[in-house]
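The structure appears right after this line, and notes come after that.
The values are calculated or read from the model by the stated rules, or taken from the named source; none is laboratory data. Everything numeric in this text was worked out from a predicted model, so none of it was measured. Cβ atoms come from the backbone with ideal geometry, glycine included; neighbour counts cover every protein chain shown.
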Amino acid sequence: MPVLSILPRLGYNYATPTMKYTPAEASALTNLPIRTVRRLIDRRLIRPRRLQTGRSVQRLLSWEQLVYLQLEAEGLALLPVAERRKIAKQIEADAGIDAIFVSEGRALLIQVKTVRKELDERLKKLELAESVIVEDPETMRGTPVYRGTRIPVELIADILNQGASIDEIVEGYPALDREKIELAPLYVQAFPRRGRPATRPWAKRKAVRTTRHRRKMATPT
């Protein structure tokens with residue numbers, strides 16, 4: 001039987017957020033595909049809180065469960081399911097675990113502290129994205145846009161997916177900077193739009209690089 005033991009804390013002050021996270025947010029923060037997140041929930045490796053509003057039921061994950069999902073993304077899935085459940089319970093029971101030692105024929109040390117720090121940095125990026133991206137019914141029918149602009153964040157994410165570089169996007173959209181552009185895929189993954197797919201007039205167009213020469217030629221004389 002594998003043996004689990006928890007290494008003592010090393011003095012790191014963990015701030016444990018009290019808010020809950022949707023499976024989509026968990027997917028974006030941990031880089032796990034949304035299907036994998038849902039499968040882990042269905043297999044009860046983690047048990048999110050269920051929040052019912054009217055007829056809809058929403059599953060919400062805790063910060064500790066996000067930490068466990070991050071470990072799954074980094075290779076924990078190679079362990080037997082029973083051991084993964086034990087690790088998930090250990091993390092949820094103690095928010096400040098630094099590491100978990102697993103002995104199964106050979107020693108295995110799971111560095112929880114490092115993973116938690118990485119996840120915390122990604123969470124800060126998501127919070128930044130929420131501060132610079134707005135959804136206003138009066139602006140493009142509620143399409144998420146960068147604050148102070150009419151530039152859809154989904155448009156920028158699509159352009160990145162098409163292979164355009166950040167420098168090319170900055171040149172074409174001078175109202176944006178590198179940091180805001182890098183936040184686009186994270187925001188789109190964390191907050192997928194519900195209901196019928198929104199009209200995306202840019203989706204069938206190829207990414208076009210806007211050059212100074214073209215802008216000059218387009219300027220009336």
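Here are the criteria: (1) closer than 23 Å to residue 31 by Cα; (2) touching a helix residue (DSSP H, G or I) at 6+ places or on another chain (Cβ under 9 Å); (3) surrounded by fewer than 19 Cβ atoms within 10 Å (Cβ to Cβ); (4) not aliphatic (A, V, I, L, M). Tell me which single one residue 167 does not satisfy. The one condition residue 167 does not meet is (1). Among the candidates 78, 61, the residue that is surrounded by 14 or more Cβ atoms within 10 Å (Cβ to Cβ) and of a type outside the set (Phe, Trp, Tyr) is uniquely 61.
If you check 102, 115 for being outside any helix (DSSP H, G or I) and hydrophobic (A, V, I, L, M, F, W, C), only one passes: 102.
Looking at 86, 125, can you tell me which residue is touching a residue at least 12 places away in the same chain (Cβ under 8 Å) and under 20 Å from the mean Cα position of the chain (by Cα)? Spell out how you get there, then give the answer.
Working: 86 fails: under 20 Å from the mean Cα position of the chain (by Cα).
That would be 125, the only listed residue that is touching a residue at least 12 places away in the same chain (Cβ under 8 Å) and under 20 Å from the mean Cα position of the chain (by Cα).
Only one entry of 88, 26, 99 meets the criterion of being modelled with pLDDT of 95 or more, among the aliphatic types (A, V, I, L, M), in contact with a Leu (Cβ under 6 Å, 6 or more places away or on another chain) and outside the structural domain of residue 184 (by TED's automatic domain parsing), and that entry is 26.
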